[in-house]
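The next block holds one structure in the form of structure tokens; read it before the comments.
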Amino acid sequence: MSEVQSQVARQPMYINGEWSESGGEWIPVYDPSTEQEIAQVPDAGFAEVDRAVEAARHAFDEGGWPQTTAQDRGRILFRIAERIRAEASDLAALESRNSGKPIVEAEYDVADAATCFEYYGGLATKITGAVNPVPDNALSLSLKEPVGVAGQIIPWNYPLLMAAWKLAPALAAGCTCVLKPAEQTPLTILKVASWLSELGVPAGVVNVVTGYGETAGASIVSHHAVDKIAFTGSAAVGKTIMRAAADSLKRVTLELGGKSPNIFFADADFEAAIDGALFGVFINQGEVCSAGSRILVERPIYQKFVEAMREKARTILVGNPAERSTKMGPLVSREQYDRVRSYQELGKSEAKLAIGGGRVPGLDRGYYVEPTIFYDVDNSARIAREEIFGPVATVIPFTDEKDALRIANDTPFGLAAAVWSRDIYRALRMVKAIRAGIVWVNHMQPTYVEAPWGGYKQSGFGRELGIHGVDEYLETKQVHINLNEQPIGWY
């Protein structure tokens, strides 16, 4: 090991309330703005995952976590939220450095993570069953109970926020968790894990294992003692998880990729529309599952729209994510940089280039790419059909409402969409006809913990956030109580 490597901090995993190192290799963690190694985390295999699952299983079956009162579970979630807010500045700086997202966006993400824990802290005491009106002389009840041990695998684009989306509803429901962060961005959730014991989370209730998807992630999915899998990531990996989980018929929720249409009619507020188009695809460097990367524009405003997008995109400041003026930071990793660069080159052969299309000039270190806009794109082009997960926009003209709807739905994905029009009747017709789990009207990307999140088609199934998010961690049990004092009398 070189002297530089020996000076890099090693961050163990969190298993059964203790820090744990694996017996294998260590995974380097990088600052994507400098390409420098900033930490190392364990490369967990089945043995380490097995220990984490065993700890979660014990906490659920014998440790009494499901029997903890809803009030106490809620109080713990409130304490986690309070601590996140108290440490928000340090968490945002760490998130920005590890993921490359601009510091201002990282601050919003940390605040949203705290809000998520607060919401489910309040919801913990609002989980109710039902009395079923059965015809016999009996009482029929529906009870809600935690599903058990939840295996949770989160992506690298919103590290702390996605961890909150998974952990908070699971803990509110009474589940125990084995969470695997992305190997590229594990640092903020490991920081939060360091507080859990002092905040009242019993040993084994939350376990954080680090490692690659092919090893640690696959071990979680295939483990016989895991009852449910919650995954956010690509459609390809989601399909692999479904196949692996089928052996034990695990409960599975998947929030997968998207190729979301952002649809602009000629009567839309033009300036707001241009902002919505750029924000929808370039926020977080385009590393967003719901990115409005297919920009559909009605022909009467098409040329003007493309030109306005080009001119405003020139003002997007790409640079050091620690600077508050930065609007776009680097992509998260060398792998993602190479992927996006390949699509930038592909797009030059499939459509016309309005702006961008390469690496940011003058930024020789870090995984920086230019905000890129292609226009006159056919919806059959690869850049219009495949999820790029980077700052690459495809602008597609349409003739009328019917044509816009045809193009919008002509995709294997169905996570999100947006419609921009002053005609509320047309907007609502589009809302009803678009096949997507989330549809915004005259806005792009607002996300609230109180409202459900999830997709249609190959964008996955199940819902996160809101009451729907906690429902995914609950089983329903029917209880029948005979109120007839007479024997059943069938013999």
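The values are calculated or read from the model by the stated rules, or taken from the named source; none is laboratory data. These numbers were taken from a predicted model, which means no experiment stands behind them. FYI the Cβ positions are ideal-geometry reconstructions off the backbone, even for glycines, and counts take in every protein chain you see. These accessible areas exclude ligands, DNA and RNA; they are computed on the full protein's heavy atoms, side chains included. Shrake-Rupley method; radii C 1.70, N 1.55, O 1.52, S 1.80 Å.
In table form, for the structure just shown:
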| read-out | value |
| --- | --- |
| Residue tally, condition part of a helix (DSSP H, G or I), crowded, with 22+ Cβ neighbours inside 10 Å and out of contact with any Ser or Thr (no Cβ under 9 Å at 6 or more places or on another chain), over segment 286-305 | 1 |
| Residue match in segment 475-489 (condition: in contact (Cβ under 8 Å) with a residue 12 or more places away in the chain, closer than 22 Å to SER234 by Cα, touching a Lys or Arg at 6+ places or on another chain (Cβ under 8 Å) and not aromatic (Phe, Trp, Tyr)) | no |
| Close pairs from segment 364-389: first farther than 17 Å from GLY292 by Cα and among the aliphatic types (A, V, I, L, M), partner outside any loop (DSSP other than H, G, I, E, B) and open to solvent by less than 40 Å² (accessible area, probe 1.4 Å), Cβ under 6 Å, at least 6 apart | VAL369/VAL340 |
| Meets criteria (under 22 Å from VAL29 (Cα atoms), surrounded by fewer than 16 Cβ atoms within 10 Å (Cβ to Cβ) and either without any contact (Cβ under 8 Å) to a residue 60 or more places away in the chain or touching a strand residue (DSSP E or B) at 6+ places or on another chain (Cβ under 6 Å) (or both)) for SER89 | yes |
| Count - residues of segment 230-267 that are in contact (Cβ under 8 Å) with a residue 60 or more places away in the chain, open to solvent by 10 Å² or more (accessible area, probe 1.4 Å) and farther than 16 Å from ILE153 by Cα | 1 |
| Count - residues of segment 181-204 that are open to solvent by less than 10 Å² (accessible area, probe 1.4 Å) and at positive phi | 1 |
| Conditions (1) charged (D, E, K, R); (2) touching a helix residue (DSSP H, G or I) at 6+ places or on another chain (Cβ under 6 Å); (3) surrounded by fewer than 17 Cβ atoms within 10 Å (Cβ to Cβ): number failed by ASP136 | (2) |
| Unique residue being of a type in the set (A, V, I, L, M) and either open to solvent by 20 Å² or more (accessible area, probe 1.4 Å) or closer than 28 Å to ASP90 by Cβ (or both) when the list is ILE316, ILE373, ILE396 | ILE316 |
| Any chance SER290 is at pLDDT 95 or above and touching a Leu at 6+ places or on another chain (Cβ under 8 Å) | yes |
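Residue by residue, here is whether (1) part of a helix (DSSP H, G or I); (2) under 26 Å from PRO202 (Cβ atoms); (3) of a type in the set (A, V, I, L, M); (4) open to solvent by less than 50 Å² (accessible area, probe 1.4 Å) holds:
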| residue | (1), (2), (3), (4) |
| --- | --- |
| SER96 | yes, no, no, yes |
| ALA106 | yes, no, yes, yes |
| CYS116 | yes, yes, no, yes |
| TYR119 | yes, yes, no, no |
| THR128 | no, yes, no, no |
| SER140 | no, no, no, yes |
| GLY151 | no, yes, no, yes |
| VAL178 | no, yes, yes, yes |
